[in-house]
């Protein structure tokens, strides 16, 4: 995807800033009663400053995209500045404006991997906010997997934006419930236990930290609060640690789940796959009301500036 596509999302904000500068300059000149020529000078200076700031921002953004593109190519990966999120994840169920920023795609050893930042709008405490989560997605070949979600209980984490039906929570023995809450669709508990072996649960507890993991359709996805900064070596090290420990074990278990052929007493046993079932969850109300309130506030601000100008 061309780099200029990333700047299009910023254009409404930049045009809004331009209009605000013009209205503010006109309102100030009307209120202070300065000469018209001086008002034009002030307006020109303000406009030039805005254009300079915008040019610097664009140059900085292009330089960053060029660096990240070279980083991806040097490691045999593909770099995508902006993309749509299409995976049916429980994390962003009904979330609005879902976008992936600065995504790296390619083969990193344990299969085809995608790493980047997922941004979306969600309701928190009756207020709609934009959240950013770092994600790592691994593709699993074969039939769709049962829908399983492991929610981290680490104090450094952040609660998921989606609330899940507590009746879907699995009861597990040992210390693992101290680290993660496990949710699966009713009737797929046997499949979840086949995938979540003691070795995999120990690896999750030791290496996942405050990352949550979701198994959905044909993907394993790790979600970590906060965006992914590809220019931070520490974040790359953490990604590789997840991929080559938890991810590798989880990928092995899910792939074996799709081709298992256990023989007991001369009978072949195949785990059932509940691909048609999804975790039952709910999110906050639509952000339509918030958008209407923001539009009304913008109209009030414009009306106040116009009144100050005309009086």
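The values are calculated or read from the model by the stated rules, or taken from the named source; none is laboratory data. Nothing here was measured: the structure is a model prediction, and the numbers come from that model. We place every Cβ from the backbone using ideal geometry, glycine too, and count neighbours over all the protein chains shown.
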Evaluation of residue 132 against (1) assigned to a strand (DSSP E or B); (2) in contact with a helix residue (DSSP H, G or I) (Cβ under 8 Å, 6 or more places away or on another chain); (3) in contact (Cβ under 8 Å) with a residue 40 or more places away in the chain (one fails), failing number: (2)
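Listed here are the residues, each with its yes/no results for (1) at pLDDT 85 or above; (2) not in a loop (DSSP other than H, G, I, E, B).
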| residue | (1), (2) |
| --- | --- |
| 7 | no, yes |
| 27 | no, yes |
| 51 | no, yes |
| 57 | no, yes |
| 66 | yes, yes |
| 72 | yes, yes |
| 76 | yes, no |
